[in-house]
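Notes follow the structure.
The values are calculated or read from the model by the stated rules, or taken from the named source; none is laboratory data. Just so it is clear, the model here is predicted, and its values are computed rather than measured. Methodologically, a virtual Cβ is constructed for each residue, glycine included, from the backbone with ideal geometry; neighbour enumeration extends over all protein chains shown.
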Amino acid sequence: MPRTISPSFGVLVESFFTQRLVRQRGASPATIAAYKDALRLLVIFASARLGKPADRLAVHDLSCELVLAFLDSLERERGNTPRTRNARLAVIHSFFRHVAFSDPAAIALAERMLAIGPKRTVKRVIGFLHPPEVAALLAAPDRRTARGRRDHALLLFLVTTGARVSEAIGVNVADLSLDVPRQVLIRGKGSKQRVVPLANDLAAILNDLREERGLAAQAALPIFGDVRGRRLSRFGVTHLVRRAVGRASKKQASLRKRPVSPHSFRHTAAMRLLQAGVDLSVIRAWLGHVDIQTTHQYLEADIEMKRRALQAAGITSEPQVRYEPSSAILALLER
């Protein structure tokens, strides 16, 4: 009986992306990019740890001990949160499920790898921006320059639509409808699409940006691009937000004391809708949440709504005086 030759590590990595993610799961470009980033970090760590070039690594070199050391290094050396660590671990689990399917000789290794559990995380209160902070951030870009006008348009897009970073930078010219009804097609997680309305001022700014960059006839090009017309990256947007925070914090002191990320604008959009009285089911559809419980977390974060409930309930530290009937007749009638 001929001996089965196990596929090399490089072949397994390639087939993981081309077969499992693209052909079988139909993963989005954003998902594929995130998976590539996680495995790239693992390969770099394993290569340095074992003293072997990356192209000479074998799948059995990725022992459980090595993967656990890699996960620890993410928190210790890169400063990743437990949530990010767990996301990287989920990618490794997905890869080793593919390894078990493609290489029967590695099933035992894959089973041990899948036994590595996620780390418990702390559920933090959602951080969102208050109106003065939003105004300061939107005023931060220098709109006398082309880059400043693009930055302002992107920040306004994020805080108005509540789009994720990957969704915002994925918007093409063809996805915009700037005439009535003004709306944008957003491609979300899991290849799910949704349509979000655009405010009149945002539609006008996007139209100016489209005309300034000469994109009216370029339907397949991104609306938010760099100086060379290439699509902005997630890191580019993060740098853009940090630049805006640096300028805005000079006038808005509260921005110096809190972390602001591109995702903060998404949380802010959700809180604005909630505080305006929009139903949770509508907010869920607006943000593209799969589970209503994800949307429900904004109710927990709305401290103003809790304050109003406290006032309405009349909860106070003052001793409560119990009502006593004024006469025996009233006591009889009210018993």
Out of (1) over 22 Å from residue 187 (Cβ atoms); (2) at pLDDT below 90, the odd one out for residue 292 is which? (1)
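Here's the yes/no breakdown for (1) among the aliphatic types (A, V, I, L, M); (2) over 24 Å from residue 31 (Cβ atoms); (3) surrounded by 14 or more Cβ atoms within 10 Å (Cβ to Cβ):
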| residue | (1), (2), (3) |
| --- | --- |
| 121 | no, no, no |
| 137 | yes, yes, yes |
| 147 | no, yes, yes |
| 151 | no, yes, yes |
| 174 | yes, no, no |
| 211 | no, yes, no |
| 224 | no, no, yes |
| 232 | yes, no, yes |
In segment 79-89, the residues that are over 16 Å from the mean Cα position of the chain (by Cα) and free of Cβ contacts under 8 Å to residues at least 12 places away in the same chain: 79
Count of residues meeting criterion [touching a strand residue (DSSP E or B) at 6+ places or on another chain (Cβ under 8 Å) and either on the phi > 0 side of the Ramachandran plot or among the aromatic types (Phe, Trp, Tyr) (or both)] in segment 178-228: 1
Mind checking whether some residue in segment 111-128 is in contact with a Phe, Trp or Tyr (Cβ under 9 Å, 6 or more places away or on another chain), at pLDDT below 95 and not in a helix (DSSP H, G or I)? yes
